[in-house]
Amino acid sequence: MELVINLHVERLPEGVYLATSEDLPGLVAQRRTIQETLEIARDVGKKLLEARAERSGLPNLPPAGDSFDYPLVIGN
């Protein structure tokens, strides 16, 4: 099952991007590009969900439904 997790992504003064999530505490990812940051965030989120499922079940997150909004970032 796919779940929807909201991420907060910000560019740090050092020139890297940092992703965190209030929906999934402990999710922290940092890389040089937005794409790399999102890839790491997906991997970290997957591992956090697997660990939580083993201990206490999945957190109460909405499933990815038939439609949802997604902000597409396009470089120029």
>> Looking at 48, 61 in this structure, which one is assigned to a helix (DSSP H, G or I) and surrounded by 11 or more Cβ atoms within 10 Å (Cβ to Cβ)?
In response: 48
> Quick one: in the range 25-39, which of the residues that are in contact with a strand residue (DSSP E or B) (Cβ under 6 Å, 6 or more places away or on another chain) and among the polar types (S, T, N, Q) is surrounded by the fewest Cβ atoms within 10 Å (Cβ to Cβ)?
Replying inline: 30
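Per-residue answers, yes or no, for (1) modelled with pLDDT under 85; (2) part of a loop (DSSP other than H, G, I, E, B); (3) on the phi > 0 side of the Ramachandran plot; (4) surrounded by fewer than 10 Cβ atoms within 10 Å (Cβ to Cβ):
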site	(1), (2), (3), (4)
18	no, no, no, no
23	no, yes, no, no
41	no, no, no, no
54	yes, no, no, yes
68	yes, yes, no, yes
> Going through the range 6-39 one residue at a time, which ones are touching a Lys or Arg at 6+ places or on another chain (Cβ under 9 Å), closer than 24 Å to residue 67 by Cα and not polar (S, T, N, Q)?
Replying inline: 19, 24, 34, 38, 39
> Taking interchain pairs and intrachain pairs at least six residues apart, which have beta carbon atoms under 7 angstrom, with the first residue in the range 52-73 and in contact (Cβ under 8 Å) with a residue 12 or more places away in the chain and closer than 24 Å to residue 37 by Cβ and the second among the β-branched types (Val, Ile, Thr) and not in a loop (DSSP other than H, G, I, E, B)?
Replying inline: 73/34
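The values are calculated or read from the model by the stated rules, or taken from the named source; none is laboratory data. Computed from a predicted structure; not experimentally measured. Reconstructed Cβ throughout: ideal geometry from the backbone, glycine too, with neighbour counts over all protein chains shown.
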